[in-house]
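K.L.:
Supplied in structure tokens, the structure appears directly below.
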Amino acid sequence: MNEELEKRIKKVSAKKFGEDLVGWFEQEMRDLPWRENQDPYRVWVSEIMLQQTRVDTVIPYYNRFMEQFPTVEALANAPEDQVLKAWEGLGYYSRARNLQAAVREVHDTYNGIVPDNPKEISALKGVGPYTAGAILSIAYGKPEPAVDGNVMRVMSRILSISDDIAKPASRKIFETAVRELIYKENPSYFNQALMELGAIVCTPTSPSCFLCPVQSHCTAFEEGTQQELPVKSKKKAAKTVELLTVIAENNKGEVLVTQRPEQGLLANMWEFPSFEKDGSDISGQMAELLLSDYDVEAFITDEEWMVQNHIFTHLIWKMQVGRAMVNQPAKLPEQTRWVSKDEIEMLAMPVSHRKIANRWKELT
Ligand code: SF4
């Protein structure tokens, strides 16, 4: 930590700061399902779901997930397909797979009890420094920092920290700052309050400083630099990949679906056959690839039936969706099958493919 920051931290009365922040949180905290109790498993699931996803979106998923998998044991013993299906629509599916792998480890190695120390909890799959800090502080009341984007924004303003929050190395600086200021009487509420403040008061573009419980501690407010902080460099633009996706139907009204590989993007999810677009002869390319990859002869009935985008953090799929009537070969490749309208409901699919499936069901 540099000297300047050390001085700024010393200027803040940690006790008063904690009291103001936690006092405000006690009055204003939103009623959220994962705040019903401090069960570490419930806290853990909520924190994983909330990564890169808004609170309002997460609530119904969380409630359904908890109904299906209320305990470590229930999630550890569930088939992966069922877990992915419950996660369908939340995106970033590797989070669900890692969560289940880690929960299985807790079940097998720790007798179903989520570890309460940094070393063991950080060694679990998918548990990074933020999630570890959140579980240790929120569920176990340990004075550990839990630094996410909201917390970095708030702390950068309170202490005028101008390190680029897009750089992974900056997180350590914020963790050190939180460690210095954390309210030892109630680390759980302290961390939740910082996150809550970032979500509803100290927002990215228009912080409500006049409603802020820690305004009297805030350097950015004092100096009028709220709009300049935090410093965040721009991400590289996402790459666009143009895809041809085919609804390939047989004469029984079933459609061809294929399962993605076990590793990598959207691992193990089901989707319609998709190919990278190459040139302008779309019908020709769809028919050729269906024959070479799936051994089906296709008659393309509509080469631009719909267009569907799928936006990932680093990548955009621009999917041109066509329809085709196909024959039924004696044998399909592995991880590929025919499904009826009812069966397709049971598969875990990425949101973009689920939308295509819904359109297909509506129209046929
Ligand atoms: Fe954020 Fe304004 Fe509060 Fe400072 S005073 S923490 S800038 S809302």
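K.L.:
When S162 is evaluated against the numbered criteria (1) among the polar types (S, T, N, Q); (2) in a helix (DSSP H, G or I); (3) over 21 Å from R54 (Cα atoms), which criterion, by number, is the only one it fails?
P.N.:
The single condition S162 does not satisfy is (2).
K.L.:
A further question on this structure: Would you mind telling me which numbered condition in (1) out of contact with any Lys or Arg (no Cβ under 9 Å at 6 or more places or on another chain); (2) more than 16 Å from the ligand (Cβ to nearest atom); (3) more than 21 Å from N37 (Cβ to Cβ) P129 fails?
P.N.:
It is condition (1) that P129 fails.
K.L.:
Which pairs do you get when a residue that is assigned to a helix (DSSP H, G or I), found in the range 189-217, comes within reach of a residue that is at pLDDT below 95 and surrounded by 14 or more Cβ atoms within 10 Å (Cβ to Cβ), reach meaning Cβ atoms under 6 angstrom, with the pair 6+ apart or on two chains?
P.N.:
Cβ pairs passing all conditions: M195/N150; G198/N150; A199/N150; H217/V12.
K.L.:
From the list E334, E362, which residue is surrounded by fewer than 17 Cβ atoms within 10 Å (Cβ to Cβ), under 23 Å from E262 (Cα atoms) and out of contact with any Lys or Arg (no Cβ under 7 Å at 6 or more places or on another chain)?
P.N.:
Result of the check over E334, E362: E334.
K.L.:
Let me confirm something: among S280, S274, which residue is of a type in the set (G, A, S) and more than 19 Å from E334 (Cα to Cα)?
P.N.:
Result: S280 is the single residue among S280, S274 that is of a type in the set (G, A, S) and more than 19 Å from E334 (Cα to Cα).
K.L.:
Quick test for you: out of R171, R157, R153, pick the one residue that is farther than 20 Å from M29 by Cα, basic (K, R), within 16 Å of the ligand (Cβ to nearest atom) and crowded, with 18+ Cβ neighbours inside 10 Å.
P.N.:
Checking each option against the conditions leaves just R157.
K.L.:
I'd like the full set of residues that are near the ligand (Cβ under 8 Å from one of its atoms), among the aliphatic types (A, V, I, L, M) and under 12 Å from N150 (Cα atoms), limited to the range 175-227.
P.N.:
Matches in the range 175-227: L197, V201.
K.L.:
Separate question: Pairs needed: first member in the range 172-185, β-branched (V, I, T); second member anywhere, outside any helix (DSSP H, G or I) and surrounded by fewer than 22 Cβ atoms within 10 Å (Cβ to Cβ); C-beta distance under 6 Å; at least 6 residues apart or different chains.
P.N.:
I173/D163; T176/M1; I182/P143
K.L.:
Every residue in the range 89-120 that is under 22 Å from I138 (Cβ atoms), assigned to a loop (DSSP other than H, G, I, E, B) and at pLDDT below 95, please.
P.N.:
L90, Y92
K.L.:
While we're here: I need the full set of residues from the range 267-298 which are under 16 Å from R323 (Cβ atoms), part of a loop (DSSP other than H, G, I, E, B) and of a type outside the set (V, I, T), in order please.
P.N.:
F272, P273, E297
K.L.:
Quick check on my filter: what residues within the range 194-211 are surrounded by 19 or more Cβ atoms within 10 Å (Cβ to Cβ) and more than 21 Å from the chain's Cα centre (by Cα)?
P.N.:
V201, C202, P207
K.L.:
Would you mind finding the one in V296, V321 that is surrounded by 15 or more Cβ atoms within 10 Å (Cβ to Cβ) and either free of Cβ contacts under 8 Å to residues at least 40 places away in the same chain or in contact with a Ser or Thr (Cβ under 9 Å, 6 or more places away or on another chain) (or both)?
P.N.:
From the options V296, V321, the qualifying one is V321.
K.L.:
To continue, here is another question. Against the definition (surrounded by 20 or more Cβ atoms within 10 Å (Cβ to Cβ) and of a type in the set (S, T, N, Q)), how does S94 come out, yes or no?
P.N.:
Considered against the rule, which asks whether it is surrounded by 20 or more Cβ atoms within 10 Å (Cβ to Cβ) and of a type in the set (S, T, N, Q), S94 comes out as no.
K.L.:
In this structure, is Q27 of a type outside the set (A, V, I, L, M), in a helix (DSSP H, G or I) and buried (at least 19 other Cβ atoms within 10 Å of the Cβ)?
P.N.:
Criteria not met by Q27.
K.L.:
Could you check S352 against (1) touching a residue at least 60 places away in the same chain (Cβ under 8 Å); (2) crowded, with 17+ Cβ neighbours inside 10 Å and say which number it fails?
P.N.:
Looking at each condition in turn, S352 falls short on (1).
K.L.:
Next question. Residue check: is I165 buried (at least 22 other Cβ atoms within 10 Å of the Cβ), within 16 Å of the ligand (Cβ to nearest atom) and farther than 18 Å from K10 by Cα?
P.N.:
Judged against the criteria, I165 is a match.
K.L.:
I've got another one for you. Is it the case, given these coordinates, that A78 is modelled with pLDDT of 95 or more, over 22 Å from G128 (Cβ atoms) and surrounded by 14 or more Cβ atoms within 10 Å (Cβ to Cβ)?
P.N.:
Against the criterion (modelled with pLDDT of 95 or more, over 22 Å from G128 (Cβ atoms) and surrounded by 14 or more Cβ atoms within 10 Å (Cβ to Cβ)), A78 qualifies.
K.L.:
While we're here: Are any residues in the range 312-338 assigned to a loop (DSSP other than H, G, I, E, B) and not aromatic (F, W, Y), and if so, which ones?
P.N.:
T313, H314, N327, Q328, P329, A330, K331, L332, P333, E334, Q335
K.L.:
I would also like to ask the following. Given the structure, is A86 among the small types (G, A, S), under 25 Å from N191 (Cβ atoms), in contact (Cβ under 8 Å) with a residue 24 or more places away in the chain and assigned to a helix (DSSP H, G or I)?
P.N.:
no
The values are calculated or read from the model by the stated rules, or taken from the named source; none is laboratory data. This structure is a prediction, so every number in the text was calculated from the model and none was measured. Every residue, glycine as well, gets a Cβ built from its backbone with ideal geometry; the counts of neighbours run over all protein chains shown.
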